[in-house]
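What follows is one structure encoded as structure tokens, with my remarks underneath.
The values are calculated or read from the model by the stated rules, or taken from the named source; none is laboratory data. Every value quoted in this text rests on a predicted model; they were computed, and no experiment measured them. FYI the Cβ positions are ideal-geometry reconstructions off the backbone, even for glycines, and counts take in every protein chain you see. SASA here: full protein model, heavy atoms, side chains in, ligands and nucleic acids out. Shrake-Rupley method; radii C 1.70, N 1.55, O 1.52, S 1.80 Å.
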Amino acid sequence: MSKLVDAAAVVFGRKGFLDTKITDITTEAGVANGSFYTYFESKEAIFRAVIDEVNERMFTKSRVPADAGSSAYQRIEHATRAYVRAYREEASLLMILEQVASFSPEFREMRRETRKVFRARTERGIRRFQESGLVSPSLPADYAAAALTSMVSNFCYMWLVLDEDYDEETAILTLSRLWAQALGIEVDLRNAEPSAS
């Protein structure tokens, strides 16, 4: 099954969802066409499996380890940097998910579920900041998480999918600074200013 999912990721990335045929996937995987239906009932089903793996990789790669930094700002910057890099690696498949979600109710719901996972992690982080006194308890953590995750993911979409031109380091530091300042977290400007080049 993993051979088919890996092959599907390659073919979807190359041809897009609409132009991909099941025979393209089985040819890429080097398996007989009939074996596809042992594991998947449709092209939609294998695309869901591909996106599940994308989400798993992105969630894992953008996790902030305990030793990511001593300050709240350092942890925000670490998370932003990791998310941007994970998004870049998965951009071609994330683009397809956005496209398919625009006309398929099933994939629209999948796109919402993807967003919920990242938004929930952000909300937990904001609540921890609130409990430690770094963020005002009057800020609705769920709304703040929704707004901040939207800012970063949409910026990445415009940049890494639609090819708007941004310098990576400047983008990461700007997003991190906006995120921190929106929460009222002190920013160490020595670490939040892009170096002149």
task = Count the lysine pairs in the stretch 1-67 whose Cα atoms lie under 20 Å apart, taking only pairs 8 or more positions apart in sequence or on different chains.
result = 5
note = Eigenvalues of the alpha-carbon gyration tensor of the stretch 44-197, times 5 and square-rooted, give semi-axes in Å, largest first, of 27, 19, 13
key: Accessible carbon and sulfur surface of the chain relative to its total accessible area, %, 1.4 Å   = 52 percent
key: Karplus-derived HN-Hα couplings along the stretch 28-41 (A = 6.51, B = -1.76, C = 1.60, θ = phi - 60°), whole Hz, x at Gly and Pro   = 4, 7, x, 10, 5, 4, x, 5, 4, 6, 5, 10, 9, 8
ask   = For residue 139, what is the net charge nearby, where nearby means another residue's Cβ is under 12 Å from its Cβ and Lys, Arg count +1, Asp, Glu -1?
value = -1
ask   = Based on the mean of other beta carbon atoms within 10 Å per residue, what is the order of 154-160, 104-110, most packed first?
value = 154-160, 104-110
ask   = Tell me, how many Å apart are the Cα centres for the stretch 144-177 and for the stretch 27-75?
value = 21 Å
remark   = Mean accessible area per residue over the chain (1.4 angstrom probe, all protein chains present, square angstrom) is 55 Å²
note = Note to self, the chain gives a 222 nm [θ] from helices alone (DSSP H runs n ≥ 4, -39500 (n - 2.57) apiece, / all residues, nearest 500) of -24500 deg cm²/dmol
